[in-house]
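Undergrad: Sending over a structure as structure tokens; questions will come in a sec.
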Amino acid sequence: MDDDAIRTFLDHLAVEKGASQNTVIAYQGDLHQLLEHLNESNTPSSHNEKSVLWEGLGHARLAEYVSNLYGRSYATTTIARKVASIRSFFNFLAEEGIIREDPTERISIPKVGRKIPKVLSLSELERLLNAPMNLTTPEAIRDSAMLELLYASGLRVSELVSLNIHDVNMVEHSVRCMGKGSKERIVPIHNRSVEKISAYIWKSRPKLMDKYAKKEKDHALFINHRGKRLTRQGFWLLLKKHAMGADIQVPLTPHILRHSFATHMLNNGASLRYVQALLGHSSIATTQIYTHLSNEHIRKQYDNAHPRA
């Protein structure tokens with residue numbers, strides 16, 4: 001099943017909004033489910049897969065579909081995602097002039113309690129960052145630089161593996177990355193991270209390139225044992241390996257390092273606006289989730305320090 005408007009919207013998500021492949025696939029499934037429902041509810045004479053005219057849909061018909069979702073025993077989080085997909089789609093159609101009015105303006109998204117992201121303690125992070133240092137291979141030196149940089153900057157793993165050599169400024173101690181929606185930002189990094197990256201570039205990266213064709217010019221900063229740019233999946237595997245070596249019990253993902261970076265910055269006095277800029281969040285509401293973790297830290301400090309606590 002396909003539809004020109006849906007396909008155009010999905011292209012917009014991927015190209016202009018920088019949405020991940022998983023996000024695009026989720027939106028595609030949600031919108032095709034809506035399209036199938038609308039086609040099934042058409043009269044038999046007009047029943048075919050391309051019979052839906054988005055301009056002709058009103059609020060009542062979409063509200064009926066959302067009501068139908070509630071009757072199918074979906075989890076609240078699933079319904080919230082499906083409704084958000086529909087609202088984003090019709091908002092796009094209205095902005096592009098494909099429809100005159102957005103019929104989803106009065107359709108609310110179910111409220112879903114946001115999960116507090118997991119973070120590593122300082123001792124766990126110390127063990128993780130030190131784990132690759134037990135080895136002296138080119139890959140271990142690369143891994144040490146990657147982990148140190150990820151925690152120093154709070155980059156997304158997709159941003160990390162997309163870096164080129166010239167994106168790291170060794171003089172100004174900063175890294176330039178391209179975030180969601182193709183938004184560029186420059187993030188400062190500390191001395192230890194610069195030292196690790198420098199050691200990797202000068203000592204290890206040439207050895208990894210030697211294992212591949214030297215004539216190929218690849219400016220990727222972090223490369224695998226074949227001299228090719230390291231992928232997100234490749235980084236995830238090495239992260240799991242070093243997490244085991246560091247005896248970290250919680251299931252560790254690259255995003256937990258980003259959460260840990262943000263939380264530790266707030267715990268040590270960084271402003272919410274500053275952390276928002278470092279993370280590349282377009283809305284401060286996204287960054288505010290970390291204040292819950294920071295407040296927990298403050299509460300523990302209060303309980304430990306106050307004589308009457």
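Undergrad: Tell me, in nm to one decimal, what length is gained between Ala60 and Lys228 on full extension, where the rule is 0.36 nm per residue of separation less the Cα-Cα distance?
TA: Taking 0.36 nm per residue and subtracting the Cα distance, the gain is 55.2 nm.
Undergrad: Considering the dipole of the chain built from charges on the beta carbon (Lys and Arg +1, Asp and Glu -1) around the Cα centre, which of Ala84, Met265, Leu69 is farthest to its positive end?
TA: It is Met265.
Undergrad: Students often get this wrong: which residues of the stretch 158-194 have the backbone nitrogen under 12 Å from the point 7 angstrom along Cα-to-C-beta of Thr23?
TA: 179-183, by backbone N distance to the label point.
Undergrad: Rounded to the nearest 0.05, what FRET efficiency do Thr78 and Glu105 have when you use their Cβ-Cβ distance and R0 = 25 Å?
TA: Rounded to the nearest 0.05, the efficiency is 0.65.
Undergrad: Here are some values of Rg and Dmax of the Cα atoms in Å: (1) 23.8, 79; (2) 19.6, 77; (3) 20.0, 68. Which one was computed from this structure?
TA: (1)
Undergrad: Sort 127-138, 58-69 by the packing proxy (mean of other Cβ within 10 Å over each peptide's residues), most packed first.
TA: 127-138, 58-69
Undergrad: For the pairs Lys183/Lys203; Lys118/Lys203; Lys180/Lys241, flag any whose C-alpha to C-alpha distance is greater than 30 Å. Display every interim value, and only then the final one.
TA: Values: Lys183/Lys203 32 Å; Lys118/Lys203 35 Å; Lys180/Lys241 28 Å.
Long pairs (Cα-Cα over 30 Å): Lys183/Lys203; Lys118/Lys203.
Undergrad: Then there is this: Based on alpha-carbon centroids, what's the gap between the stretch 118-197 and the stretch 1-20 in Å, whole number please?
TA: Distance between centres, Cα-based: 32 Å.
Undergrad: List the residues, sorted by chain then number, that are 5 or more residues from Ser174 or on another chain and whose placed amide H is less than 5 Å from its amide H.
TA: Placed amide hydrogens put Asn169, Ile189 under 5 Å from Ser174.
Undergrad: Something else about it: Assuming R0 = 41 Å, can you tell me the calculated FRET efficiency for the pair Asn91 and Ser174, based on Cβ-Cβ distance, to the nearest 0.05? Present the calculation step by step, with values, prior to reporting the outcome.
TA: Values: r = 36 Å, r/R0 = 0.87.
Efficiency, from the Cβ-Cβ distance: 0.70.
Undergrad: Enumerate the aspartates and glutamates that Lys82 could reach by cross-link, defined here as Cα to Cα under 17 Å, with residues fewer than 8 away along the same chain left out.
TA: Cross-link targets: Asp30, Glu36, Glu64, Asp102, Glu105.
Undergrad: At 222 nm, what helix-only mean residue ellipticity would the chain give, in deg cm²/dmol to the nearest 500, using -39500 (n - 2.57) for each DSSP H run of four or more?
TA: Numbers: 14 runs with 166 residues, N = 309.
When only DSSP H runs of four or more count, the value is -16500 deg cm²/dmol.
Undergrad: Specify the residue with the greatest mean-square fluctuation among Phe235, Phe89, Phe222, computed from a Gaussian network of the chain linking alpha-carbon atoms under 10 Å apart.
TA: It is Phe89.
Undergrad: Here is a further query. Counting only other residues whose beta carbon sits under 13 Å from that of Arg156, what net charge do I get with K and R as +1, D and E as -1?
TA: Charge balance in the 13 Å sphere: +4.
Undergrad: Tally Lys/Arg at +1 and Asp/Glu at -1 over every other residue whose Cβ is under 12 Å from the Cβ of Pro254; what's the total? Working shown, then result.
TA: Working: positive: Arg156, Arg232, Lys240, Arg258; negative: Glu159.
Every neighbour counted, the sum reads +3.
Bear in mind that the values in this text are calculations on the coordinates, not laboratory data. What you see is a predicted model, and the numbers here were worked out from it, not measured in a lab. With ideal geometry, Cβ positions are generated from the backbone for all residues, glycine too; neighbour counts draw on all protein chains shown.
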